[in-house]
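These notes concern the structure reproduced below.
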Amino acid sequence: CNLACGMCVKQSPGSGILTGDMSREVFLSLLPAFPKIRSLILNGIGEPLLHPELVEFIRIAKRVMPKDGVVGFQTNGILLNDALAESLVQAGLDRICLSLDSVCRDTFARIRSGGDVEDLRKAFRSLAAAREKNPGSPLRVGVEYVVMRDNLHQLPEVLRWAASLGARFAIVTHLLPYDSSQVLQPVFDANLDRAVDLYRRWKRRAE
C-alpha cells in the first residue's frame, strides 16, 4: 500500500502480513469460476491501483462473467488520474469505492498517514470525466467511511461533500482496533458483561 493508515491491520505490531501482488498465473487459474459469479471484488489488504495488471484483470473478468456480474474494488484514490480512470472505465469497471474518512485536511492526514483529502477531490473529478467520455459505462462511484470517535461527527458533511462530487453510495464501517493505540477509537464498546462472561466460560473450558 502507498499509505500507512493507523487503523489498518498491516500497521499493527507483529501482523506478519506479506506485501505482494496476485500473479497473472493465479488470476487466470480462477477463470473457470468466473462465468458463475455475480461479484468480483479485486481487493486484498493493500491498494489495488498499485497492481500493474489491474486494468487487464478487469477486462478479462468482464469478458467471461455473467452480463449482470459486477467487478469492483476499494481504493484510497491517490493514484487515480484522468488516464487511469478512463482505462478503468473502458475495461468495464462497474463499481469503485473511495476511502474517505474526513473532509478536514488535518483529520484526514492523521487518519490516513501520507494522504490528502485533495487527492480524493482529484479522483472524483477524474472518474466523472471518464464517465462523461464513456456515457454507456455502468460505473457507480461511492465512498467507504470508517467510523471512529475522532471523525463520527463529520460523517454527514463527508456524505454531502462526496455526493456533490458524484458519489452515489456509501459504505460505513466500524473501526476494529488491532492495536492498543486504537482501543478508545471505536464508537461502541463490544466488551459487554455478557460477552466477557461468555469468553471467560469458554476460556476455562479450553484450559
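Name the residues in segment 132-164 that are part of a strand (DSSP E or B) and either open to solvent by less than 50 Å² (accessible area, probe 1.4 Å) or farther than 30 Å from Ala83 by Cα (or both), would you?
Val141, Gly142, Val143, Glu144, Tyr145, Val146, Val147
Checking each residue in segment 54-77 for being of a type in the set (A, V, I, L, M) and either open to solvent by 50 Å² or more (accessible area, probe 1.4 Å) or modelled with pLDDT under 95 (or both) picks out only Val64. For segment 109-134, the candidate set comprises residues that are in contact (Cβ under 8 Å) with a residue 40 or more places away in the chain and touching an Asp or Glu at 6+ places or on another chain (Cβ under 8 Å); within that set, the residue that is farthest from Ala167 (Cα to Cα) is Arg110. Lys10 meets the conditions (1) in a helix (DSSP H, G or I); (2) touching a strand residue (DSSP E or B) at 6+ places or on another chain (Cβ under 7 Å) in every case but one. The failed one is (2). Residues in segment 28-53 that are over 20 Å from the mean Cα position of the chain (by Cα), assigned to a helix (DSSP H, G or I) and not small (Gly, Ala, Ser) were compared, and the one that is surrounded by the most Cβ atoms within 10 Å (Cβ to Cβ) is Phe34.
Could you look through segment 86-121, keep only residues that are in a helix (DSSP H, G or I) and β-branched (Val, Ile, Thr), and pick out the one that is modelled with the highest pLDDT? Restricting to residues being in a helix (DSSP H, G or I) and β-branched (Val, Ile, Thr), the top hit is Val89. In the set Leu93, Leu84, Leu155, only one residue is over 25 Å from Asp68 (Cα atoms) and among the hydrophobic types (A, V, I, L, M, F, W, C); that residue is Leu155. For beta carbons closer than 8 Å, sequence separation of 6+ or different chains, a first residue in segment 61-78 that is of a type in the set (A, V, I, L, M, F, W, C) and a second that is buried (at least 21 other Cβ atoms within 10 Å of the Cβ) and at pLDDT below 95, the qualifying pairs are Ile78/Gly115.
The values are calculated or read from the model by the stated rules, or taken from the named source; none is laboratory data. Keep in mind the model is a prediction, meaning the values are calculated, not measured. Using ideal geometry, Cβ is built from the backbone for each residue, glycine included, and neighbour counts are taken over all protein chains shown. For accessibility, only protein heavy atoms count, side chains too; no ligands or nucleic acids. Shrake-Rupley method; radii C 1.70, N 1.55, O 1.52, S 1.80 Å.
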